[in-house]
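For reference, the structure discussed in these notes is given below.
The values are calculated or read from the model by the stated rules, or taken from the named source; none is laboratory data. Keep in mind it's a predicted model, so treat the numbers as computed, not measured. No Cβ is skipped: glycine too gets one built from the backbone with ideal geometry, and neighbour counts run over all protein chains shown.
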Amino acid sequence: MILAAGQGTRVRPLTKNLPKPMIPVLGKPVMEYLIEHLVRHGVTEIMVNVGHHHHMIENYFGDGHRWGAQIGYSYEGVYDHGDIKPSPFGSAGGMRHIQDFSGFFDQTTIVICGDALIDLDITTALFEHINKNALVSIVAKEVPNHEVVQYGIVQTDDNGRITGFQEKPKQEEALSNLASTGIYFFEPEALKLIPKNTFFDIGSQLFPMLVEKNYPFFAQKRFYNWVDIGQIADYWLVMQRILQGEVSYIEMPGVEVKPGIWVGINTRIDWDNITIEGPVYIGSGTHIESGAKIVGPCWISHGCQIKKNSQIIRSILFEYTRVSKNMLVDELVISATYCVNRKSETFYVGDDRCTLKWGDARVKT
């Protein structure tokens with residue numbers, strides 16, 4: 001079960017015109033990496049709850065046969081005055097809705113958020129879940145003590161049984177450094193605990209109920225890569241890490257024409273008169289004029305135009321973005337209609353503030 005019905009408000013404007021699971025990472029939607037990983041571990045029947053811009057997910061992934069999977073969709077919405085509008089049921093409520101419709105969850109099910117990159121050994125985690133006779137298991141990960149304020153923290157006893165939760169506690173108040181990563185294992189019987197036809201959340205409603213009623217509810221402490229895209233600043237940082245090769249299971253597209261420089265086809269680049277310091281990816285159809293300087297990690301999507309004497313430093317350019325001559329772009333996420341800095345401040349084309357100062361940087365959208 002991939003949870004993909006949310007609006008992704010914390011990562012706007014990236015999600016203004018697309019659902020969060022479709023946010024691109026090295027040219028692919030983040031949810032595609034999840035599906036590939038699930039299939040590698042033998043998970044081939046996948047339900048996705050959808051809502052916000054649902055057609056983009058459905059049209060891209062279809063029935064799943066390209067990935068060797070069967071993918072189905074559960075739209076969460078209402079019919080209102082001739083229009084179908086998204087109306088989420090909550091993460092747990094969405095699962096109960098599917099169960100009441102078809103009884104899909106007839107065996108152990110992995111539930112995962114559609115907006116993170118993982119390399120979890122699902123097979124081993126499943127074995128531990130079954131071996132402990134758990135009704136529900138949370139896959140958790142230890143985080144540095146100074147980062148607990150960013151996560152939902154799980155408290156357990158010595159056997160891993162969950163005894164409580166803390167939502168983004170201060171470091172001095174945290175009772176654990178075990179963070180919930182939004183990956184769960186459910187037995188079918190757990191679905192019966194979710195009320196019908198009601199908005200119901202997994203983390204804030206179902207899980208406290210499991211603790212209160214002393215159900216067999218366990219946390220697994222695992223060591224794996226978990227790259228979460230929670231906010232704009234997270235997206236910028238994720239892309240920096242990936243481009244620097246810190247996420248080993250993600251491969252760079254294109255051809256490596258020079259050490260640390262990957263290029264797609266059909267590009268027009270004045271190689272003799274530009275400066276590029278990798279890691280940098282340059283997408284198909286991109287034109288880079290003389291005098292330009294690019295300092296990685298940088299991702300330049302297809303169809304971009306970088307004019308004379310401009311500088312692109314540790315930034316992400318979405319497709320068909322044009323950078324005017326003599327512009328300095330420093331640590332920004334830019335599209336053809338907006339740019340966002342690491343503080344999540346957003347500036348749109350036509351905005352009086354569209355000349356954005358960021359440290360010593362200046363970019364004009």
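Descriptive notes on the structure:
- Test: residue in region 238-250 that is of a type outside the set (Val, Ile, Thr), modelled with pLDDT of 90 or more and out of contact with any strand residue (DSSP E or B) (no Cβ under 9 Å at 6 or more places or on another chain): no
- Yes/no for GLU256 being farther than 25 Å from ALA5 by Cβ and acidic (Asp, Glu): yes
- From the list GLY160, GLY103, GLY182, the lone residue that is over 29 Å from GLU246 (Cα atoms), surrounded by 13 or more Cβ atoms within 10 Å (Cβ to Cβ), assigned by TED's automatic domain parsing to the domain that holds PHE207 and modelled with pLDDT of 85 or more is GLY160.
- The set of residues in region 276-287 being closer than 14 Å to ARG314 by Cα and of a type in the set (Val, Ile, Thr) consists of ILE276, VAL280, ILE282.
- For ASP234, the requirement of being surrounded by 13 or more Cβ atoms within 10 Å (Cβ to Cβ), among the charged types (D, E, K, R) and not assigned by TED's automatic domain parsing to the domain that holds ILE162 is met.
- Scope region 249-273; condition over 17 Å from ARG322 (Cα atoms), β-branched (Val, Ile, Thr) and in a loop (DSSP other than H, G, I, E, B); matching residues: ILE250, ILE265
- Contact annotation: residue pairs with Cβ atoms under 8 Å, 6 or more positions apart or on different chains, pairing a residue in region 265-279 that is free of Cβ contacts under 8 Å to residues at least 24 places away in the same chain with a partner that is basic (Lys, Arg), are ILE274/LYS293; THR275/LYS293; ILE276/LYS258; ILE276/LYS293; GLY278/LYS258.
- THR109 being assigned by TED's automatic domain parsing to the domain that holds PRO216, out of contact with any Lys or Arg (no Cβ under 7 Å at 6 or more places or on another chain) and over 19 Å from VAL48 (Cβ atoms): no
- Here the condition is being small (Gly, Ala, Ser), within 24 Å of TYR224 (Cβ to Cβ) and under 25 Å from the mean Cα position of the chain (by Cα); of GLY160, GLY93, GLY77, GLY152, it holds for GLY152 alone.
- In region 170-179 there is at least one residue that is at pLDDT 85 or above and closer than 23 Å to LEU3 by Cβ.
- Test: residue in region 68-87 that is assigned to a helix (DSSP H, G or I) and either out of contact with any helix residue (DSSP H, G or I) (no Cβ under 7 Å at 6 or more places or on another chain) or at pLDDT 90 or above (or both): no
- Just one of the listed residues (LYS192, LYS168) is at positive phi, surrounded by fewer than 18 Cβ atoms within 10 Å (Cβ to Cβ) and assigned by TED's automatic domain parsing to the domain that holds GLN99, namely LYS168.
- When GLN240 is tested against (1) touching a residue at least 40 places away in the same chain (Cβ under 8 Å); (2) polar (S, T, N, Q); (3) in the same structural domain as PHE104 (by TED's automatic domain parsing), only condition (3) is not met.
- Within region 96-119, the set of residues being under 21 Å from the mean Cα position of the chain (by Cα) and polar (S, T, N, Q) comprises THR109 only.
Table: residues versus (1) of a type in the set (S, T, N, Q); (2) assigned to a strand (DSSP E or B); (3) at pLDDT below 90.
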residue	(1), (2), (3)
ILE294	no, yes, no
LYS308	no, no, no
ILE312	no, yes, no
TYR320	no, no, no
CYS339	no, yes, yes
LEU356	no, yes, yes
ARG362	no, yes, yes
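- Taken together, PHE207, PHE217, PHE223 contain a single residue that is surrounded by fewer than 19 Cβ atoms within 10 Å (Cβ to Cβ), touching a residue at least 40 places away in the same chain (Cβ under 8 Å) and closer than 30 Å to PHE165 by Cβ, which is PHE223.
- Conditions (1) surrounded by fewer than 18 Cβ atoms within 10 Å (Cβ to Cβ); (2) within 17 Å of GLY182 (Cβ to Cβ): number failed by GLY93: (1)
- Number of residues in region 275-312 that are in contact with a Gly (Cβ under 9 Å, 6 or more places away or on another chain), surrounded by 18 or more Cβ atoms within 10 Å (Cβ to Cβ) and over 17 Å from VAL263 (Cβ atoms): the value is 1.
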